[in-house]
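The values are calculated or read from the model by the stated rules, or taken from the named source; none is laboratory data. Because the structure is a prediction, the values reported are computed rather than measured. So basically every Cβ, Gly included, is an ideal-geometry build from the backbone, and we count neighbours across all protein chains shown.
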Amino acid sequence: MNDRMMRAVLFDRYGGPEVLYVGRIPRPEPAPGEVLVRVRAFSVNGGELAARAGRVRLLTGRTFPQRIGLDLTGEVAALGTGTTGFTVGDRVWGILGRSGFGSAAEYVTVRAERLGRVPDGLDLVDAAALPVATTAVTALRDKATLRSGERLLVRGAAGGVGNAAVQLGQAYGAEVTALARAENLDLVRALGARHAVDHRTVRPSQLGLFDVVLDTAGSDLRTFRHLLGPGGRMVTIAFDLTRPAASLGYIAGSALYGRRRVRFFSGNPGRALFDDLARQVTEGRLRPVVDTVFPLEETAAAHRALEAGGVRGKYVVRVD
């Protein structure tokens, strides 16, 4: 077998999960400042579903085949010229960020500053559920400046970012209210939610007021912004892809409300944020929550499962 080739998840047209397949493409070589990572696992993220379905084709274009995979865990296989901070064999995790997709493969090149070391003792497959937790850190610590004693509402609390936000909210000393499906209320309570609420049976207006609202869904932003008390802050990591212009327009227009506006950001974490994530894990403040592990050949099934809803943590794909 040609060791210059590798397996990767590809698609040749936009569509449902069935368009995904495992093909063979050239193995990349690390450029100066890059790290070649032997990928051991990655997770499935909502942004990939949208890209695969063609809902953001203005960004992804019409050149095929295209690739998927935003985050990863693995080992350093090689270093580009002048790359520092890592040695071959280091266990690492990272997010490709704005550089695009491609971690659903046996190897991927990543800028060194986009990687961090996985804590000792943490299995690399389990660890693949955690790189997106950097989004929760940024949202709560940096964007919302969540303080001890404040009331925090997490929407989508059983999902990948949401479950991390529940754990971190408790670690930061907040009183956490978690919105999730009825079958996931036990999970979010176990993760640290003081109040666990079935979002399908309780109206937002019944929830009371909050100091911080973290939204992971991107819909009904106006409704949830109205739950902010005096000095409240709302952060969303998504927008409504069925009505993108209206959703993004509302986010921009909410600046009129000053401090109580809706803050939106797209995660692009660096080394310092991954170091902080490792500390949270080592100190027992954060643990991975894995729903199901799929083999690489069943990546389409992992996409199908996430689209169906009801995930408990993360769907992780193992690369053997």
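Can you find a residue in segment 87-98 that is assigned to a loop (DSSP other than H, G, I, E, B), small (Gly, Ala, Ser), closer than 21 Å to Phe265 by Cβ and out of contact with any Gly (no Cβ under 6 Å at 6 or more places or on another chain)?
The answer is no; no qualifying residue exists.
Quick one: how many residues across segment 187-210 are farther than 10 Å from Leu227 by Cβ and either within 25 Å of the chain's Cα centre (by Cα) or of a type in the set (Val, Ile, Thr) (or both)?
Residues that pass the stated criteria total 16.
For segment 1-38, name all the residues that are touching an Asp or Glu at 6+ places or on another chain (Cβ under 6 Å) and among the hydrophobic types (A, V, I, L, M, F, W, C). Walk me through it before giving the result.
Keep residues of segment 1-38 that are touching an Asp or Glu at 6+ places or on another chain (Cβ under 6 Å), which gives 6-7, 22, 38.
If the condition is that a residue be touching an Asp or Glu at 6+ places or on another chain (Cβ under 6 Å) and among the hydrophobic types (A, V, I, L, M, F, W, C), then Met6, Val22 are the ones that fit.
Starting from segment 236-253, keep only residues that are closer than 20 Å to Gly54 by Cβ, then list their pairs with residues that are among the small types (Gly, Ala, Ser) and at pLDDT below 75 whose Cβ atoms are within a distance under 6 Å, requiring at least 6 positions of separation or different chains.
Here the result reads Phe239/Ser247; Asp240/Ser247, each pair linking segment 236-253 to a residue that is among the small types (Gly, Ala, Ser) and at pLDDT below 75.
Got a sec? Which of Leu179, Leu140, Leu168, Leu187 is surrounded by 21 or more Cβ atoms within 10 Å (Cβ to Cβ), modelled with pLDDT of 95 or more and not in a helix (DSSP H, G or I)? Break it down into steps so the answer makes sense when it comes.
Details: Leu140 fails: not in a helix (DSSP H, G or I); Leu168 fails: not in a helix (DSSP H, G or I); Leu187 fails: not in a helix (DSSP H, G or I).
Of Leu179, Leu140, Leu168, Leu187, the one residue that is surrounded by 21 or more Cβ atoms within 10 Å (Cβ to Cβ), modelled with pLDDT of 95 or more and not in a helix (DSSP H, G or I) is Leu179.
I'm told Leu228 meets every condition in (1) outside the structural domain of Val56 (by TED's automatic domain parsing); (2) modelled with pLDDT of 95 or more; (3) touching a Gly at 6+ places or on another chain (Cβ under 7 Å) except one. Can you identify the failing condition by its number?
Unmet for Leu228, out of (1) outside the structural domain of Val56 (by TED's automatic domain parsing); (2) modelled with pLDDT of 95 or more; (3) touching a Gly at 6+ places or on another chain (Cβ under 7 Å): (3).
For segment 208-225, name all the residues that are outside any strand (DSSP E or B) and either of a type outside the set (Ser, Thr, Tyr) or modelled with pLDDT of 95 or more (or both).
Within segment 208-225, the first condition is being outside any strand (DSSP E or B), and the residues that meet it are 208-209, 216-225.
Gly208, Leu209, Ala217, Gly218, Asp220, Leu221, Arg222, Phe224, Arg225, listed by residue number.
Could we say that Ala41 is touching a residue at least 12 places away in the same chain (Cβ under 8 Å), touching a helix residue (DSSP H, G or I) at 6+ places or on another chain (Cβ under 7 Å) and not basic (Lys, Arg) here? Walk me through it before giving the result.
Numbers: touching a residue at least 12 places away in the same chain (Cβ under 8 Å): yes; touching a helix residue (DSSP H, G or I) at 6+ places or on another chain (Cβ under 7 Å): yes; not basic (Lys, Arg): yes.
Against the criterion (touching a residue at least 12 places away in the same chain (Cβ under 8 Å), touching a helix residue (DSSP H, G or I) at 6+ places or on another chain (Cβ under 7 Å) and not basic (Lys, Arg)), Ala41 qualifies.
Scan segment 273-292 and give yes if some residue there is farther than 20 Å from Gln167 by Cβ and without any contact (Cβ under 8 Å) to a residue 24 or more places away in the chain, otherwise no.
No, there is no match, as no residue in segment 273-292 is farther than 20 Å from Gln167 by Cβ and without any contact (Cβ under 8 Å) to a residue 24 or more places away in the chain.
Evaluate the following for Ala180: is it in contact with an Asp or Glu (Cβ under 8 Å, 6 or more places away or on another chain), of a type in the set (A, V, I, L, M) and more than 26 Å from Leu306 (Cα to Cα)? Before the answer, list the steps.
Values: in contact with an Asp or Glu (Cβ under 8 Å, 6 or more places away or on another chain): yes; of a type in the set (A, V, I, L, M): yes; more than 26 Å from Leu306 (Cα to Cα): no.
Spelling it out, it is not the case that Ala180 is in contact with an Asp or Glu (Cβ under 8 Å, 6 or more places away or on another chain), of a type in the set (A, V, I, L, M) and more than 26 Å from Leu306 (Cα to Cα).
Condition check ((1) aromatic (Phe, Trp, Tyr); (2) surrounded by fewer than 16 Cβ atoms within 10 Å (Cβ to Cβ); (3) modelled with pLDDT under 95; (4) over 15 Å from the mean Cα position of the chain (by Cα)) across all residues:
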| position | (1), (2), (3), (4) |
| --- | --- |
| Pro30 | no, no, no, yes |
| Glu48 | no, no, yes, no |
| Gly61 | no, yes, yes, yes |
| Phe64 | yes, yes, no, yes |
| Arg67 | no, no, no, yes |
| Gly80 | no, no, no, yes |
| Val92 | no, no, no, yes |
| Leu96 | no, no, yes, no |
| Gly100 | no, yes, yes, no |
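Need at least 1 residues that are modelled with pLDDT under 95 per element, so show me which strands (runs of 3 or more DSSP E) inside segment 245-320 make the cut, counting only ones lying wholly within it.
Working: elements: 262-264, 290-295, 314-318.
Per the criteria, 262-264.
Return the total of residues in segment 50-59 being among the basic types (Lys, Arg) and over 18 Å from the mean Cα position of the chain (by Cα).
Pass one, segment 50-59, residues among the basic types (Lys, Arg): 52, 55, 57.
When the remaining residues are screened for being over 18 Å from the mean Cα position of the chain (by Cα), the result is 55, 57.
Qualifying residue count, segment 50-59: 2.
Among (1) closer than 20 Å to Phe264 by Cα; (2) touching a residue at least 60 places away in the same chain (Cβ under 8 Å); (3) of a type in the set (Lys, Arg), there is one condition Arg141 misses while meeting the rest; what is its number?
Failing condition for Arg141: (2).
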